[in-house]
Amino acid sequence: MGEPGESRRGPLKSAVPSNVVSPVRRCSRTACGRPAVATLTYVYADSTAVLGPLATYAEPHCYDLCAEHSERLTAPRGWEVVRLALDSGPARPSGDDLEALANAVREAARPQERAAGAAGSPAPGDRDSRPMGGGRRGHLRVLRSPDS
């Protein structure tokens, strides 16, 4: 073997790509694959179970629960359950937001020449606003999904 980081098969990869691992945190209950919406933490000194909004980071001593399991949560006899107000989650974009975004993308994709024509010739020291290299229309492009 020669260099460190090499094997007989070639250079070692720093990461193994996988479609199995999901970036969405899942419910900790066995056989439940729903997305987690709340985090359960036990405070043993006070005999209290605290159910609150989904924690920023997954912790080994906390349990992430889906909406159904967080609603049905019960504690052992003699324990108290403290339910903190759950966040409703990030606001979903409305139709107006999506339309405004689409209009902004269309505006950015239009040729820059109309702006230069409306303002006249550029002032000394200003950069020419015309696209260089054959009339590039914009920096955004549509990528097809690998599934289609």
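The values are calculated or read from the model by the stated rules, or taken from the named source; none is laboratory data. Keep in mind that what you see is a predicted model, and the values were worked out from it rather than measured. Please note: Cβ atoms are built from the backbone with ideal geometry, for glycine as well, and neighbour counts cover all protein chains shown. The protein model used for the area step is the full one, side chains on, heavy atoms only, and it has no ligands, DNA or RNA in it. Shrake-Rupley method; radii C 1.70, N 1.55, O 1.52, S 1.80 Å.
In this entry, Leu86 passes the filter for residues that are within 29 Å of Pro23 (Cβ to Cβ), modelled with pLDDT of 70 or more and open to solvent by 50 Å² or more (accessible area, probe 1.4 Å). In region 1-43, the residue that is modelled with the highest pLDDT out of those that are more than 30 Å from Arg77 (Cβ to Cβ), among the polar types (S, T, N, Q) and open to solvent by 70 Å² or more (accessible area, probe 1.4 Å) is Asn19. Note on region 45-80: among residues that are under 20 Å from the mean Cα position of the chain (by Cα) and part of a loop (DSSP other than H, G, I, E, B), the one that is nearest to Cys27 (Cα to Cα) is Cys66. Report yes if Ser94 is among the polar types (S, T, N, Q), surrounded by fewer than 10 Cβ atoms within 10 Å (Cβ to Cβ) and at pLDDT below 60, otherwise no. Answer is no for this residue. I need a count of the residues in region 44-61 that are open to solvent by less than 90 Å² (accessible area, probe 1.4 Å) and more than 17 Å from Gly33 (Cα to Cα). The qualifying residues number 9.
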